[in-house]
Amino acid sequence: MDSFQVIVLALLQGLTEFLPISSSGHLILPAQLLGWTDQGLAFDVAVHIGTLIAVVGYFRHDLIRIAVDWLGSLAGKGSTVNSRLGWYLIFATLPAVLFGFALKSMGLDEAMRSIAVIAGTTLIFGALLGWADYKGKKIQPIEKLNFRQAMIIGFAQAIALIPGTSRSGITMTAGLMLGLTREAAARFSFLLSIPVILGAGLLLTLDLVKSTEPVDWGVLFSGALVAGVSAWFCMHFFLSFINRIGLMPFVIYRFILGAVLIAVMVF
């Protein structure tokens, strides 16, 4: 890949990983519209590492509090908001793990990566996000989240393994439907992404170890850096403006993206 391709693909990964607009819908477009070849397994690993470092770095203070209180709860020091949040993140991750292994074992993970599937899910789940943002009560802070709600959001995250759904989009949709504020839904969605991105990165790394693919360390470092920086700024500005702008701009954008994908498929 040349420098322009590296920057574009890494930016797409960094931005779309956390915005509710479907990363798979964007990453398929350069290949379809510009004829770019697949970026390769090593590059996928690099940009996943970049986004993981970004989200862990951004929420480092929250994660430290959650980890300390969660370990305290194991030591019998009682339950706190942060220790409960730690348990919620662990259990809410399990549906995506189980669903992911099921899809891979049946060979359906690659079969669903068609433009038709991505276009359809981009539009359908975009409309669902708009409905949730419009109808949701948006009154509950993340501190009031309970186990049942966390698991519902976790099962919603599992649906995001279908390309075009958008992991952040479907988890925010579920959070809004449950009455969470926009900021609470986004914050829990971002925290819940950490074990999923870590797991995906580890699986890709294992595949890379088995692969004979040549490694260009300069490209990998550049990709990880661009993906990480763009992801960090994306989370920062999204959480800063979400209560003011709402999610409707992203819904409209998804409709446009879905229409573009359909046009690419038809023409």
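Every residue in region 202-242 that is open to solvent by 60 Å² or more (accessible area, probe 1.4 Å), assigned to a helix (DSSP H, G or I) and touching a residue at least 40 places away in the same chain (Cβ under 8 Å), please.
Asp207, Phe221, Leu225, Val229, Trp232, His236 - these are the residues of region 202-242 that are open to solvent by 60 Å² or more (accessible area, probe 1.4 Å), assigned to a helix (DSSP H, G or I) and touching a residue at least 40 places away in the same chain (Cβ under 8 Å).
List pairs: first residue in region 247-267 and under 28 Å from Lys138 (Cβ atoms) and small (Gly, Ala, Ser), second residue part of a helix (DSSP H, G or I) and open to solvent by 60 Å² or more (accessible area, probe 1.4 Å) anywhere in the structure, Cβ distance under 9 angstrom, at least six positions apart or on different chains.
Gly258/Ile124
Filter region 97-146 down to the residues that are among the small types (Gly, Ala, Ser) and either in contact with a Ser or Thr (Cβ under 7 Å, 6 or more places away or on another chain) or open to solvent by 60 Å² or more (accessible area, probe 1.4 Å) (or both), then identify the one that is farthest from Leu239 (Cα to Cα). Before you say what the answer is, go through the steps one by one.
Filtering region 97-146 for residues among the small types (Gly, Ala, Ser) gives 100, 102, 105, 107, 111, 114, 116, 119-120, 126-127, 130, 132, 136.
In the following step, the residues that additionally are either in contact with a Ser or Thr (Cβ under 7 Å, 6 or more places away or on another chain) or open to solvent by 60 Å² or more (accessible area, probe 1.4 Å) (or both) were identified as 105, 111, 132.
Details: Ser105: 37, Ala111: 34, Ala132: 18 Å.
So, considering only residues that are among the small types (Gly, Ala, Ser) and either in contact with a Ser or Thr (Cβ under 7 Å, 6 or more places away or on another chain) or open to solvent by 60 Å² or more (accessible area, probe 1.4 Å) (or both), the one farthest from Leu239 (Cα to Cα) is Ser105.
So, restricting to helices (runs of 4 or more DSSP H) that lie completely within region 99-160, which ones have at least 1 residues that are within 18 Å of the chain's Cα centre (by Cα) and over 25 Å from Ala259 (Cα atoms)?
Numbers: elements: 108-111, 115-135, 147-159.
By residue number, 147-159.
Within region 247-267, track down each residue that is at pLDDT 95 or above and surrounded by 16 or more Cβ atoms within 10 Å (Cβ to Cβ).
Residues satisfying the conditions are Leu247, Phe250, Val251, Tyr253, Arg254.
Considering every residue within region 65-75, establish whether at least one is at pLDDT 95 or above, within 26 Å of Glu17 (Cα to Cα) and open to solvent by less than 40 Å² (accessible area, probe 1.4 Å).
yes
Out of Ala46, Ala54, report the one residue that is of a type in the set (A, V, I, L, M), under 26 Å from Thr16 (Cα atoms), modelled with pLDDT under 95 and touching a Gly at 6+ places or on another chain (Cβ under 7 Å). Walk me through it before giving the result.
On the way: Ala54 fails: modelled with pLDDT under 95.
Only one candidate passes the filter, namely Ala46.
Name the pairs: first residue in region 24-43 and surrounded by fewer than 20 Cβ atoms within 10 Å (Cβ to Cβ), second residue modelled with pLDDT of 75 or more and among the hydroxyl-bearing types (Ser, Thr, Tyr), Cβ to Cβ under 7 Å, at least 6 apart or on different chains?
Leu41/Ser211
Looking at Val81 and the list (1) in contact with an Asp or Glu (Cβ under 8 Å, 6 or more places away or on another chain); (2) within 30 Å of Phe4 (Cα to Cα); (3) at pLDDT 95 or above; (4) not small (Gly, Ala, Ser), which single condition is not satisfied?
Tallying (1) in contact with an Asp or Glu (Cβ under 8 Å, 6 or more places away or on another chain); (2) within 30 Å of Phe4 (Cα to Cα); (3) at pLDDT 95 or above; (4) not small (Gly, Ala, Ser), Val81 fails exactly one: (2).
The values are calculated or read from the model by the stated rules, or taken from the named source; none is laboratory data. This is a predicted model, so every value here is computed, not measured. Counting neighbours? That spans all protein chains shown, and the Cβs are built from the backbone with ideal geometry, glycine included. SASA here: full protein model, heavy atoms, side chains in, ligands and nucleic acids out. Shrake-Rupley method; radii C 1.70, N 1.55, O 1.52, S 1.80 Å.
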